[in-house]
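Where a number appears in this text, it was derived from the coordinates with a stated rule and is not lab data. Everything numeric in this text was worked out from a predicted model, so none of it was measured. Don't worry about glycine lacking a Cβ; one is built from the backbone with ideal geometry, like all the others, and counts go over all protein chains shown.
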Amino acid sequence: MTTANMITLGRMALIPIFMYAAISDGAQGNFVALAIFAIASLSDGIDGYIARKYNQITDFGKLVDPLADKLLVMSALLILLEQGALMSWHCIIILAREFIVSSLRSIAASKGVVLAASFWGKLKTTSQLICIMYLLSGIDDVMLFGSLSLKSLLIYIMVAFTVFSGYDYLKRNFGLIKDGVVKGE
């Protein structure tokens, strides 16, 4: 087992601990949940760096690393939905995008092609992590102007980047759906 894969498995092991802390009553539970979420999020960059730098890229890592990321984000979104910090349509849009992109990646992989993360996909991930951490922080919401709060702005940005990155993946890889052609063939 490589170091990178052990870090990925550690991130997955943190998910139930994160969830337990997030549903615990009080500010202490929120703080612990936020800390665990931040550590788990940072570990994603660390395991990727280690895998590339030390040539530890494995098929297991290619499968489990994105799964760990999606499980972490989805568990946080569902907890925030349950707590009333998000609406169901926010979660449905994000979940639908993940299913669509994962399906495209599976089709591409069956043709021996890897669909790398795009610039928009990276912005989507960054906006999700920032928004989730803000919502988990328990910080009192800040009104920016009019009736727009910081919380609402972060949610709108997260959803917008999610939609746009999904559109970008579909647009760039429509040949996979239409006639099985991978871009560049």
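Counting Lys and Arg as +1 and Asp and Glu as -1, each charge on the Cβ, what is the dipole of segment 1-78 about the Cα centre in debye, to the nearest 20?
180 debye
Go ahead and set up a Gaussian network model of the chain, Cα springs under 10 Å, then flag whichever of Lys124, Lys62, Lys151 fluctuates most.
Lys62
Once the Cα atoms of segment 44-146 are picked out, what are the Rg and Dmax in Å?
When restricted to Cα atoms, segment 44-146 yields Rg and Dmax of 16.2, 52 Å.
So how much slack lies between Ala27 and Thr126, counting 0.36 nm per residue of separation and subtracting their Cα-Cα distance, in nm?
33.2 nm
Could you work out how much longer the chain between Ile17 and Asp168 gets when fully extended? Use 0.36 nm per residue separation minus the Cα distance between them, nm to one decimal.
My answer for the length gained is 50.9 nm.
Averaged over all directions, how much area does the convex hull of the C-alpha atoms of segment 87-185 cover when projected, in nm²?
Taking a quarter of the hull surface, the average projection is 7.3 nm².
Please state, to two decimals, what the Cα-based radius of gyration of the chain comes to when divided by 2.2 N^0.38 Å (N = residues).
Compared with the compact-globule rule of thumb, the chain sits at 1.10.
With each run of n ≥ 4 DSSP H residues scored as -39500 (n - 2.57), what mean residue ellipticity at 222 nm is computed for the chain after dividing by its residue count and rounding to the nearest 500 deg cm²/dmol?
Helix contribution divided over all residues of the chain: -26500 deg cm²/dmol.
Taking the Cα centre of the chain as origin and charging only Cβ (+1 Lys, Arg; -1 Asp, Glu), how large is the dipole, in debye to the nearest 20?
Here the chain has a charge dipole of around 660 debye.
Give the residue from Ile50, Ile7, Tyr20 lying farthest towards the positive end of the charge dipole for segment 1-84; charges sit on Cβ (+1 for Lys and Arg, -1 for Asp and Glu) and the dipole is referred to the Cα centre.
Of the candidates, Ile50 comes out farthest on the positive side.
Explain nothing, just compute: Karplus ³J(HN,Hα) = 6.51 cos²θ - 1.76 cosθ + 1.60, θ = phi - 60°, for every residue of segment 151-167 in order, whole Hz, x for Gly and Pro.
Ordered by residue, 3J(HN,Hα) equals 4, 4, 4, 5, 5, 4, 5, 4, 5, 4, 5, 4, 5, 5, 5, x, 4 Hz.
For the pairs Lys62/Lys171; Lys70/Lys178; Lys62/Lys151; Lys111/Lys151; Lys53/Lys151, note any where the Cα-Cα span goes beyond 30 Å.
From the list (Lys62/Lys171; Lys70/Lys178; Lys62/Lys151; Lys111/Lys151; Lys53/Lys151), the Cα-Cα distance tops 30 Å for Lys62/Lys151; Lys111/Lys151; Lys53/Lys151.
List every residue whose amide H lies under 5 Å from the amide H of Ser149, counting only residues 5 or more places away in sequence or on a different chain, with H placed 1.01 Å from N in the peptide plane.
Amide H neighbours of Ser149, under 5 Å, 5+ apart: Leu144.
Angle check, please: helix 27-53 long axis (alpha carbons) against the longest principal axis of the chain (alpha carbons), in degrees 0 to 90, nearest 10.
Taking the Cα atoms of the chain, the angle to 27-53 is about 20 degrees.
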